[in-house]
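Asker: Below is one structure. I have some questions about it.
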């Protein structure tokens, strides 16, 4: 198998790191994802990763709290996930670094765009924590922003469902799956692929989005190599 892209951004939800309860860390799941990322790494692909924090905390969970403070708590949650993924990758012999948008020098590098690019050129996986470092922005927006900054050719958006549908397939058994969409389709139809800020950022910077299901972790390698198993948004 040959990769279709040289430099990619992988966006993982916090739930992808969690067990069946949807909370905390499931090391078997994390190890399975890390093994697939290693396969991409072994093909010579340059890999950035953004991970959400929803398996511990979401800003919107802080009902009655100051929104900025609740979002900052969510950013800290992403760092736990980043360190867990870093450890899983390193145990497989993958050289990796965590960079955070909020400085915490004792445990991670501060995010510096040129340094991130240098790590990628040297064959290191870079895991981006703390989202954008700003409240009111999601980790989807962070993935789009970092992808634009590092010059990623595509964002691989790993979801709980296997693509983009016209309605929720968990509720509507007749939901129709799309093979291809434009970003304007996503915005105009209100399809819940990613938030509108992230979708607009991808559209403005011509970064295509490959949306696929992570129920089978090997799907990461399949979409990297061009298999049409999800939905392409471009």
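The values are calculated or read from the model by the stated rules, or taken from the named source; none is laboratory data. From a predicted model like this one, the values you see are computed outputs, not experimental measurements. Positions of Cβ are backbone-derived with ideal geometry, glycine not excepted, and every protein chain shown enters the neighbour counts.
Yes or no, residue by residue, for (1) surrounded by 17 or more Cβ atoms within 10 Å (Cβ to Cβ); (2) in a helix (DSSP H, G or I); (3) modelled with pLDDT under 95:
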{"site": "11", "(1), (2), (3)": "yes, no, no"}
{"site": "20", "(1), (2), (3)": "no, no, yes"}
{"site": "39", "(1), (2), (3)": "yes, yes, no"}
{"site": "44", "(1), (2), (3)": "no, no, no"}
{"site": "54", "(1), (2), (3)": "yes, no, yes"}
{"site": "60", "(1), (2), (3)": "no, yes, yes"}
{"site": "77", "(1), (2), (3)": "yes, yes, no"}
{"site": "80", "(1), (2), (3)": "yes, yes, no"}
{"site": "98", "(1), (2), (3)": "yes, no, no"}
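Asker: Starting from residues that are in contact (Cβ under 8 Å) with a residue 60 or more places away in the chain and in a helix (DSSP H, G or I), keep the ones in region 172-225 and report whichever is farthest from residue 39 (Cα to Cα).
Answerer: Per the stated criteria, the residue is 197.
Asker: Can you name every residue in region 220-234 that is buried (at least 19 other Cβ atoms within 10 Å of the Cβ) and touching a helix residue (DSSP H, G or I) at 6+ places or on another chain (Cβ under 8 Å)?
Answerer: 220, 221, 224, 230, 233
Asker: Follow-up. So which residues in region 22-37 are surrounded by 17 or more Cβ atoms within 10 Å (Cβ to Cβ) and either on the phi > 0 side of the Ramachandran plot or in contact with a strand residue (DSSP E or B) (Cβ under 9 Å, 6 or more places away or on another chain) (or both)?
Answerer: Result: 33, 37.
Asker: I would also like to ask the following. Just checking, does region 155-164 include any residue being at positive phi and crowded, with 19+ Cβ neighbours inside 10 Å?
Answerer: For region 155-164, residues at positive phi and crowded, with 19+ Cβ neighbours inside 10 Å: present.
Asker: Quick one: which of 146, 115, 105 is without any contact (Cβ under 8 Å) to a residue 24 or more places away in the chain and in a helix (DSSP H, G or I)?
Answerer: 115
Asker: May I pose another question? Collect the residues in region 113-154 that are touching a strand residue (DSSP E or B) at 6+ places or on another chain (Cβ under 8 Å), under 15 Å from residue 96 (Cβ atoms) and surrounded by fewer than 17 Cβ atoms within 10 Å (Cβ to Cβ), keeping them in residue-number order.
Answerer: 115, 121, 123
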